1. Return yes or no: is LEU331 farther than 26 Å from ALA158 by Cα and not in a strand (DSSP E or B)?
2. Among the candidates LEU63, LEU46, LEU113, LEU50, which residue alone is surrounded by 14 or more Cβ atoms within 10 Å (Cβ to Cβ) and modelled with pLDDT under 95?
3. Name the single residue, out of those in region 293-313 being polar (S, T, N, Q) and closer than 16 Å to ILE167 by Cα, that is nearest to ligand 2 (Cβ to nearest atom).
4. For region 62-84, state whether one or more residues are under 27 Å from PRO261 (Cα atoms), more than 14 Å from ligand 1 (Cβ to nearest atom) and touching a residue at least 60 places away in the same chain (Cβ under 8 Å).
5. Only one of these is touching a helix residue (DSSP H, G or I) at 6+ places or on another chain (Cβ under 6 Å) and either surrounded by 15 or more Cβ atoms within 10 Å (Cβ to Cβ) or under 16 Å from ARG64 (Cβ atoms) (or both): GLY128, GLY135. Name it.
6. Restricting attention to region 156-172, and to residues there that are open to solvent by less than 30 Å² (accessible area, probe 1.4 Å), of a type outside the set (Asp, Glu) and more than 17 Å from PHE21 (Cα to Cα), which single residue is nearest to ligand 1 (Cβ to nearest atom)?
7. Report yes if some residue within region 150-158 is outside the structural domain of VAL51 (by TED's automatic domain parsing), within 16 Å of ligand 2 (Cβ to nearest atom) and not in a loop (DSSP other than H, G, I, E, B); otherwise report no.
8. Does ASP137 count as over 24 Å from GLU24 (Cα atoms) and either within 16 Å of ligand 2 (Cβ to nearest atom) or acidic (Asp, Glu) (or both)?
Amino acid sequence: MTAIADPRATDSEDAPPDPGFLRELWYLVLPGGRLPRGRLVAKTVLGEPLVLGRGADGAPFALRDICPHRGIPLSCGRLERGEIECAYHGWRFDAAGCCTAIPSLVEDQPFQLSRVKVAAYPCREVQGNVWVFFGKDPAGAPEIPRVADVGEGGPRIAESMLLQGPIDHAVVGLMDPAHGPFVHRSWWWRSRASIHAKAKRFEPSPLGFTMVRHRASSNSRAYRLLGGVPETEIVFRLPSIRIEHVRAGRHVLGGLTAVTPLGPRETEIHHLIYWTMPWLTALRPLLRPFVRSFLGQDRDIMAKQQIGLAHAPPLLLIDDADRPAKWYYRLKNEYARATAERRPFVNPVKPRELRWRS
Ligand code: FES
Ligand SMILES: [Fe+2]
């Protein structure tokens, strides 16, 4: 019989972590396609106001979205030749956040522009996505995760959606294997009758765990279109990244899902899909509505969950279906402790087979 565990009552390691945000990590802030040259994008991430743009070389940058002169968001200004001109008095800032011009100064008013600076966040574009580092030590941070074997180009499909609720519930939903036949029930993906027992091997991997490569489940109808025998590996890693890597014959289909906290009660999910099979590219316009519909199912169920969570009920995590959620809590707790204590992170996940019906 499956044991039912109340994580708060039984095992403090599995307890939901402090709802704060993990720092000293890179977060996926937006797909690069949504940051065209010459445009400023304002975004609150981890509760911090950011303005994003592209410098003269096209590389993305992220600054604190507050003008150091009189506090107006820099995103109200405009981007010109890779520099932001503030909307209020025209002070200019480069991609590193350094002030380069104050138009109101006359010639005999010497002013050291270098004294004026906006906080700049480390910012990088990897496989077509813009990542921002939150923390003090970007050099010591874990590297930005990549989808293997799909090259450096951007995703073929990029969808983002706002989710109501805090990051932890979004991540737990992301890795929860048992909601598929109920939330994602549809003629093209799952039917309720398709529910069956599964056993999957899990191993610890950097900052998380991996469902080791296995043949894709036979009830995932969309996979049959791929050709070859699809074999899937699913990686989860902190802060909130899931990478599904499907190999079918000589081709690869990769899905990167990143859940990024905007604030304590608002989260954004980014779903990026990469593939190497040219024929699938021709079908892209047909695929996009399915991807949006799938993400919309997760968004809608989370919105309903918030109605109950508003009453702060105690919650249950059961084995084995909720084991990945327990691992997430352990990983998050350990990462928060390790960074606070300035010691190496020790992965708390042990190799194990998990069994559930979905
Ligand atoms: S408030 Fe930005 S230049 Fe004055
Ligand atoms: Fe889902």
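1. Values: farther than 26 Å from ALA158 by Cα: yes; not in a strand (DSSP E or B): yes.
The answer is yes for LEU331.
2. Working: LEU63 fails: modelled with pLDDT under 95; LEU46 fails: modelled with pLDDT under 95; LEU50 fails: modelled with pLDDT under 95.
Of the residues listed, the single one that is surrounded by 14 or more Cβ atoms within 10 Å (Cβ to Cβ) and modelled with pLDDT under 95 is LEU113.
3. Taking region 293-313 and keeping what is polar (S, T, N, Q), we get 293, 297, 305-306.
Filter again for closer than 16 Å to ILE167 by Cα, leaving 305-306.
Working: GLN305: 12, GLN306: 16 Å.
Top of the filtered list is GLN305.
4. First, the residues of region 62-84 that are under 27 Å from PRO261 (Cα atoms): 62-68, 71-79, 84.
Retained after the next criterion (residues that are more than 14 Å from ligand 1 (Cβ to nearest atom)): 62, 79.
The next check asks that each one be touching a residue at least 60 places away in the same chain (Cβ under 8 Å); those that pass are 62.
There is at least one residue in region 62-84 that is under 27 Å from PRO261 (Cα atoms), more than 14 Å from ligand 1 (Cβ to nearest atom) and touching a residue at least 60 places away in the same chain (Cβ under 8 Å).
5. Working: GLY135 fails: touching a helix residue (DSSP H, G or I) at 6+ places or on another chain (Cβ under 6 Å).
Exactly one residue qualifies, and that residue is GLY128.
6. SER160
7. Looking only at region 150-158, we keep the residues that are outside the structural domain of VAL51 (by TED's automatic domain parsing), and these are 150-158.
Right, trim to within 16 Å of ligand 2 (Cβ to nearest atom) and you get none.
Checked against the condition, which is being outside the structural domain of VAL51 (by TED's automatic domain parsing), within 16 Å of ligand 2 (Cβ to nearest atom) and not in a loop (DSSP other than H, G, I, E, B), region 150-158 yields no hits at all.
8. Values: over 24 Å from GLU24 (Cα atoms): no; either within 16 Å of ligand 2 (Cβ to nearest atom) or acidic (Asp, Glu) (or both): yes.
No; evaluated as a whole, the condition is false for this residue.
The values are calculated or read from the model by the stated rules, or taken from the named source; none is laboratory data. Predicted, not measured: the structure shown is a model, and the values here were computed from it. Cβ coordinates were reconstructed from backbone atoms using ideal geometry, including for glycine residues, and neighbour counts include every protein chain displayed. Side chains included, ligands, DNA and RNA excluded: accessible areas come from the protein's heavy atoms. Shrake-Rupley method; radii C 1.70, N 1.55, O 1.52, S 1.80 Å.
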